[in-house]
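Taking it in order: structure first as structure tokens, then the write-up.
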Amino acid sequence: MKKENYFQVEVSVNNETRKVAFAKGINREVNFANVKKLLAEMGLKGYRKAEMVQVFRAEDAIANGDIVLIDINGNEINKDNANGYYLIIDGQHRVYAASMLNREREKQGERTFQVPGILIELAENETIAEYISAVNITKMPWKTDDYIRGAANVKQDELLDKYNELIRTDDNPNGYPLSTLNIIYCNNPKAMNKTSLSLLCQGKNEKGRGKVKKPIIPAHNIERGNRFIALCKDKGFSDKDISKRYLSEKFSDLFNEGGEDKAFDIFSRITPNDCQAMHNDKGNLIEEKVIEQFRLIESRIA
């Protein structure tokens, strides 16, 4: 580690605040070029609350006596003082950037800040060293669901909470893509994207330049979207079917043509035979079959 007297960084997790610690010889070497990039970004935009560092309680980390902990200036931490520290598992470059920015703020008489953190849990018989190694190897850029989760944590908004609940993830493979959720709840496939979600993660409420600005969270209708999903499932469609957009796009067309009542009325006329006819022999929903079957449904009503 670079020999320098760094400003002490505090990490806040669930209203508990501690200083930062590192595992000697286990945390990867700090790349100060990356730290400077993060510092420049923080200096312009501040610390984004959604970008939490992963931590482990220091006293638990050294319980087995197999690792040595040091503070941000390389001083060894003994067992008696360990309960005042969080071991940084992932995010050490961000911590060093926060240290530098806080020092500058202190010099200028400005208020310093704490870094938000999240506690990690080890798998059975997993060691700290194994976990840190796995994080370093598998670290990847944020995916759409990461941005949604971050935005939901920062904004506490019902639409973001709904997206966070229904978005397709590794843990929720039956969830829906962002564009499908946009159609269902906002009647617009481009209502939100990674860029707008990133702005929400930064705590912003508006997007645009100069005087031409508009809310980042789009107009939406949670009740209508929930009702649409429930009706589709009641008619025999699966989450896999709904996620494909064919049904939500048709509902959107009907809604735009004749309003909510017309759209729900036509969808309510779907029979089990209609549902079956929209699928191929392998049980997959097919766009052309959906379009054709809705023509038949509307002709029956006429």
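Laboratory data are not the source of any read-out in this text; all were calculated from the coordinates shown. Since this is a predicted model, take the numbers as computed values, not measurements. Please note: Cβ atoms are built from the backbone with ideal geometry, for glycine as well, and neighbour counts cover all protein chains shown.
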query = In terms of Cα to Cα distance under 19 Å, which aspartates and glutamates are near enough to LYS143, apart from those fewer than 8 places away along the same chain?
reply = GLU51, ASP90, ASP161, GLU165, ASP170, ASP171
request  = Divide, for the stretch 44-177, the radius of gyration over alpha carbons by 2.2 N^0.38 Å, where N is the residue count.
outcome  = 1.25
task = Among PHE294, TYR147, PHE237, flag the residue with its Cα farthest along the positive direction of the charge dipole of the stretch 144-301, charges on Cβ as +1 for Lys/Arg and -1 for Asp/Glu.
result = TYR147
key: Restraint check, LYS194/LYS214; LYS37/LYS107; LYS49/LYS211, Cα-Cα greater than 24 Å   = LYS49/LYS211
request  = Can you check how the C-alpha radius of gyration of the chain compares to 2.2 N^0.38 Å, as a plain ratio?
outcome  = 1.31
request  = Work out, in µm²/s and without decimals, the Stokes-Einstein translational diffusion coefficient of the stretch 162-230 at 37 °C, 0.692 mPa s, Rh from Kirkwood over C-alpha pairs.
outcome  = 252 µm²/s
inquiry  = Explain nothing, just the number: dipole magnitude of the chain about its Cα centre with +1 on each Lys and Arg Cβ and -1 on each Asp and Glu Cβ, in debye rounded to the nearest 20.
reply    = 1380 debye
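So what's the stretch 144-301 giving for Rg/Rh, alpha carbon basis, Kirkwood Rh from the mean inverse pair distance?
With Rh from the inverse mean 1/r over Cα pairs, Rg/Rh is 1.02.
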request  = Would you list which lysines come within 24 Å of LYS235, measuring only between C-alpha atoms, while excluding same-chain residues fewer than 8 positions from it?
outcome  = LYS162, LYS244, LYS250, LYS262, LYS282, LYS289
